[in-house]
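Here's the structure, in structure tokens; my notes come after.
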Amino acid sequence: MTTRPGPQEAHVPVKPKHAPAAAATPDPYFPTSGDHRYRVHRYELALDYRPGPNRLAASARLSAVADAALAEFALDLAEFRLGRVLVNSKAARYTHRGGKLRIRPAKALAAGAAFTVEVHYTGNPRPVRSPWGGLGWEELTEGSLVASQPIGAPSWFPCNDRPADKATYQIAVTTPSPFTVVASGRLLTRTTRASSTTWVYEQTAPTSPYLVTVSIGHYRPVPLATRPAVPQTGYVPERLVPEFTRDFGRQPEMMAYFTEVFGPYPFGEYAVVVADEELDVPVEAQGVATFGTNHLGGGWERERLVAHELSHQWFGNSVTIADWRHIWLNEGFAKYAEWLWSEHAGGPAAATHAAAAHGLLTGLPQDLRLADPGRKLMFDDRLYQRGGLAVHALRRALGEDAFFAMLRDWTSVHRHGVVGTAELLGHASRYAAAPLGPLFEAWLERPELPPLPG
Ligand SMILES: [Zn+2]
């Protein structure tokens, strides 16, 4: 799918949710991830995890639909010892190497057929190696966390690891009773037997594999807001509770503001985990964000991270990119959310942040194409800054009322869907007095930095 805009595309109608075109090809940045010939609707994961020896004994049951006739299909799964692998409750042949579990069902699947896959596996989960360091399941001094973006999900469960393949999840985690388990979704039950407790979470919103998370640790729940607002809870090491309460004290206000400018919060709850370790960067998951101890301490540099992670619930988690070329749609809007919050909270205006970002980028190499940065530059800081600037340029081009109407409708039309840059151009053009093709061309397709907008 091309994202290159042209004048004739200025009034492309908005594509329906789950645009099939986006789902039909392998990801250009991670061509070995996922299998685009089927879609998963639901995962049921049952994990038994022992933190000391870092030992996982698990089963995964997937409900899926074949989009083509399949004599075999693949799941992504890191190195584990495999037990039974069943398709439609019947033992299936498989091979497992290089992170791919290739399964050959006893009976081939017909195009359009619904099917189930059950995989039993055990082992010591560890992060998947990547150019950005280890991704996925990470053992901590006391417990574990999951931070998968972009390709770490197979470190702990067999999945169709494509952002466009969204499913609902049930996650049951059994672990020694002193530990607290936080996972994507709503806690359904918590049952203690002998010295172990089983925590069952249900995520009913369609969720990309990379956004599924589990955190296990010694955490104290800290309610930040309860109903009728969106329930917001911190899970924090006991000694850090006062600091957390101070640093995240404005998050409910942020939630109220973002709900006003981005539209209704897309999920049932929002949890913030502060892992008892220093982490490189905070990371978003579905209805959850994970921070490190080093992200506490106050000041704008940390407050902006609170806003950034929260905004990903709209931009990235609900409105999800069809493939990783479109990463700027996550990070550009999250960067701009930081600036909007600053403006709203009485700090510097978004225009001031934009000018600073522009000044920064002026002195850096201009070899990044926002709409398709390449795998190497997909998490480059320039993508974040320029992404924020591109959104600012859009705001200046549309004007205040049209820009915010466009933003709210974008998260509403594509709620729980998948999008690319072409969808944003088509959508935003409906709110513009003049064609947006030239603006998209300058900010998204060309590497040279355009002048500061407005
Ligand atoms: Zn981000």
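Some points to look at:
- Dipole moment magnitude, nearest 20 debye, segment 219-319 about Cα centre, only Lys, Arg, Asp, Glu C-beta charged: 320 debye
- Antiparallel DSSP beta bridges within segment 219-319, percent to nearest 5: 45 percent
- Dividing the Cα radius of gyration of the chain by its Kirkwood radius returns 0.97 for Rg/Rh.
- Cα gyration tensor category, rounded, prolate or oblate, for segment 322-445 with a/c compared to 1.5: rounded
- Taking Cα centre as origin and charging only the Cβ of basic (Lys, Arg, +1) and acidic (Asp, Glu, -1) residues, the dipole magnitude of segment 322-445 rounds to 80 debye.
- Rh by Kirkwood over Cα pairs, then Stokes-Einstein D for segment 352-396 at 1.306 mPa s and 10 °C, µm²/s: 147 µm²/s
- Residues in segment 81-93 carry Karplus couplings, in order, of 7, 9, x, 5, 10, 10, 10, 6, 6, 10, 4, 10, 6 Hz; the curve used is 6.51 cos²θ - 1.76 cosθ + 1.60 with θ = phi - 60°, and Gly or Pro positions show x.
- Simple rule: put +1 on each Lys or Arg Cβ and -1 on each Asp or Glu Cβ in segment 232-348, find the dipole, and look at Leu340, Gln286, Leu310; the Cα lying farthest toward the positive end is Leu340.
- Residue (of Gly52, Gly298, Leu364) at the positive-pole extreme of the chain, dipole from beta-carbon charges: Gly52
- Summarising the amide proton neighbourhood of Gly83: residues at separation of 5 or more, or on other chains, whose placed amide H is nearer than 5 Å comprise His120, Tyr121, Thr122.
- Relative to the dominant Cα principal axis of the chain, helix 300-311 is inclined by about 70°.
- Efficiency of FRET from Cβ geometry, Leu187 and Glu301, R₀ 41 Å, rounded to 0.05: 0.80
- Here each label is just a point 7 Å from Cα along the line to Cβ, and for Ser63 and Thr204 those points are 1.4 nm apart.
- Legend: calculated FRET efficiency, Arg50 to Glu260, from the Cβ-Cβ distance at R0 = 45 Å, rounded to 0.05, equals 0.50.
- Taking the accessible area of the chain, probe 1.4 Å, and keeping the other protein chains in place, the carbon and sulfur fraction comes to 53%.
- Of the trypsin sites (Lys or Arg not before Pro) found in segment 17-111, those that fall in a DSSP loop while having at most 16 other beta-carbon atoms within 10 Å are Lys17, Lys107.
- Placing dummy labels 7 Å off each Cα toward the beta-carbon, the span from Ala405 to Val281 is 3.5 nm.
- 3J(HN,Hα) along segment 57-65: 10, 9, 9, 10, 10, 10, 10, 9, 10 Hz, from the Karplus curve 6.51 cos²θ - 1.76 cosθ + 1.60 with θ = phi - 60°, whole Hz, x for Gly and Pro.
- Checking every one of the GluC sites (Glu not before Pro) in segment 384-452 against DSSP loop status and a limit of 10 other Cβ atoms within 10 Å picks out Glu448.
- Ligands, DNA and RNA are left out, and with a 1.4 angstrom probe the accessible area of the chain is 39 Å² per residue.
- Farthest positive-ward along segment 108-169 dipole, Cα basis, beta-carbon charges - from Gly112, Cys159, Ala147: Gly112
- In Hz, Karplus ³J(HN,Hα) per residue of segment 127-137 (6.51, -1.76, 1.60; θ = phi - 60°; x = Gly, Pro): x, 7, 6, 8, x, 9, x, x, 10, x, 6
- Placed amide H near Arg186: partners under 5 Å, 5+ positions off or other chain: Glu202, Gln203, Thr204
- Gyration tensor verdict on segment 265-309 (Cα atoms; rounded if a/c is under 1.5, prolate if a/b is larger than b/c, oblate otherwise): oblate
- Glu238 paired with Ala433, simple spin-label distance in nm, labels 7 Å along Cα-to-beta-carbon: 6.2 nm
- Dipole magnitude of the chain about its Cα centre (Cβ charges: Lys, Arg +1; Asp, Glu -1), debye to nearest 20: 1560 debye
- Shape of segment 66-180, Cα gyration tensor, a/c cut at 1.5: prolate
- Rounded to the nearest 10 degrees, the angle from helix 350-362 to the longest Cα principal axis of the chain is 80 degrees.
- Diagonalising the gyration tensor over the Cα atoms of segment 29-99 and scaling each eigenvalue by 5 before taking the square root yields semi-axes of 24, 15, 13 Å, largest first.
The values are calculated or read from the model by the stated rules, or taken from the named source; none is laboratory data. In this text, all values refer to a predicted model and were calculated from it rather than measured experimentally. Because the Cβ atoms are built from the backbone with ideal geometry, glycine has one as well, and the counts that use them run over all protein chains shown. Note: areas computed on protein heavy atoms with side chains; ligands, DNA, RNA excluded. Shrake-Rupley method; radii C 1.70, N 1.55, O 1.52, S 1.80 Å.
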